[in-house]
Every structure is written in structure tokens, then in C-alpha cells.
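Please read the structure below before turning to the comments.
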Amino acid sequence: MSTPTVYALHENPEWFPPFARAFEAEGIHVEEWLLTDGVLDLDSVPPEGIFWSRISASSHTRDHGLSKDYARAVLSWLEAHGRRTVNGRRVLEMEMSKVDQLTALRAAGIDTPRTVAAVGRHRILAAARDFQAPFITKHNQGGKGLGVRKFDSHEELADYVASEDFEEPADGITLIQEYIVAAEPFITRAEIVGGEFIYAIKADTARGGFQLCPADACAIDPSTGRPIMPPGATIAPDADTQLFSLREDFDSPVIGKYLEFARRNRLEVCGIEFIEAADGRLLTYDVNTNTNYNAAVEAVAPQSAPRALARYLASLGAAAE
């Protein structure tokens, strides 16, 4: 039985090498489709194979502002022809909208932080009116901690919104969210592939702040070659300190909720982030559908997430034959 080709739809070549190595190790042929710009002939017929989408909500920060809508078009075309997509057209919308993520999490009975969406810059102050300081803002179309800022007063927020430093969201939607005081200075990210919980990682928020992208390329400023001081960090990172570590023997009822949530929403590859608050709440605040894996975590993890992904995608093709 031949192994089908896996087509990886993405827009960031810097994030792809760990996946390429995993596919090679598993003996699976993968072809990259870079969705930065291009031509889509709607009269053409897609090739046979498995189409795995990992388009990122932060694509516009890499001058790939067309990727989101290009991916929408390509995924619609593929699914119209009956091709098997992984994290397909509907999941793309969840990747692009934290409102979409939070409403879906709440519908599944999963606790999330109190959040209000302000559509338009001029609506932000009114949206924040009922929040007790401190609180945070973030972009609805996020990734990489986009637009995440902590405010200690409403006056500070008003000054920011009126200033030239204001960071306009890609879709015009700014979220106001309660600031969660963590019991310990880390968040946890649960990695799921094909309905299986792979492992949980801890991310150091003291050094990582609000920008908790685990891909190795995220940690270094390309212009200086030095570790980045992320927004919200209280300790300067250094090249010898890892922000991410394996959360060993993690066992919590929330994992069962995440697996059911992923199944219901057709999230076949995802990383779901939560924070354990000082007041005892466990709050889920982010769903990553283009999840990356950290090399230091992979080195000690009980199994490799990229290789589990490669095997899962290959199994879909085998099942279809």
C-alpha cells in the first residue's frame, strides 16, 4: 500500500524544518505549499493527498497579509473537491479569531477569562469600563502575543489608545480581558494530535511574558541575533535559559475536556493554553491550530509530537484507500 503525499499549507518556512525532519524520519513524502500569494485556477482539480493547514494568525507580521484570505480560498477549493483537509476551512476561522476560540470553549463548558471585544479603536475605553484594573488588552487576530498589554489604570489605557504607539489589530477588534494572577509564574500548553494528548509543556511567563511562541525561531531577534525581551516579561531572557520545559506526569480532568473540545470542533492538531490562577481557577485562554514544538521539550518528551503528527497524517491517507 503506497503512502499518500501530504501537502503542508503554510506561510513561514522558518517554522517548517522540524516537521520536514519528522516526515523524513517516518518515510512520508511531504510537499510544501507556501500560501503567501499566487494564482488559484478554480477550474483545476487538486491532486490526491492529505492537505494539512498550518496557516498562522500572525502571518501579517511577516509581510504575508494575503495568506489568511489565500488560505480561505484554497481550503474552500480543496474541500469542494472532496479532498481530506486537516485543520481545514472551519478551523482556519478559529485560528484567526480569539472571539471564536473563547466562545467555542465556553460552549464546551471550559472556563475562560472574562473578555469583552471592542470593534473599533473608539470603542475600547467603553469596553473596558466595567473591568477593575489591572486588566489586559490583546488582538483578536493574535499569535506571538500581538497587542497584549497590561494596564494598571483606565487612565493608562486612555493615554495608550490616544497615542501614536497604539497598535491597530489586523481585523480592528481589540479584546479587553481580566488580568489573571498565576499561582506560579508559568502557563501550560497541552499538545493534541489526532485525538491523542501528546504532552504538556510549561512556559516561563517571568521570562517569556505574553509572547509564548515555542518555535526556536521566535526566541531570537533576526536583526541582532540576541534573545528577545518579550512584552510582559519581568526577567530578561538569556540564550542559556529555556522558556519551555516538559510538564512531567501531568494529569488533569481538563485534558479530557480538551480532547472532547478538539473532537467536536475538528481540531486535529492543536495546542491549548491555560493558566492556573492564584484564586484556584483553571482558565483556558488560547487555542493554537498551527502549533509549533520546542526542541528542548522534544529532546526529553516521552514521544515526539512532530513524528506523531507525521504518522497521523499518513494514517488518514491509508484509511482512505
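None of the figures in this text is laboratory data; all of them are computed from the coordinates on show. Only a predicted model underlies this, so the values are computations on that prediction, with no experimental measurement involved. Note that we place each Cβ from the backbone using ideal geometry, even for glycine, and neighbour counts take in every protein chain shown.
Could you tell me whether LEU35 is without any contact (Cβ under 8 Å) to a residue 60 or more places away in the chain and surrounded by fewer than 20 Cβ atoms within 10 Å (Cβ to Cβ)? No; evaluated as a whole, the condition is false for this residue.
Among all residue pairs at least 6 apart or on different chains, which show Cβ distances below 6 Å where the first residue, located in segment 7-26, is more than 14 Å from ARG54 (Cα to Cα) and the second is among the small types (Gly, Ala, Ser)? So the pair list comes out as ALA22/ALA310; PHE23/ALA310; GLU26/ALA310.
Screening segment 140-168 for residues that are over 30 Å from THR291 (Cα atoms) and charged (D, E, K, R) and picking the one that is surrounded by the fewest Cβ atoms within 10 Å (Cβ to Cβ) gives GLU164.
The set of residues in segment 273-320 being under 28 Å from LYS68 (Cα atoms), touching a Lys or Arg at 6+ places or on another chain (Cβ under 7 Å) and of a type outside the set (D, E, K, R) consists of ASN290, LEU316.
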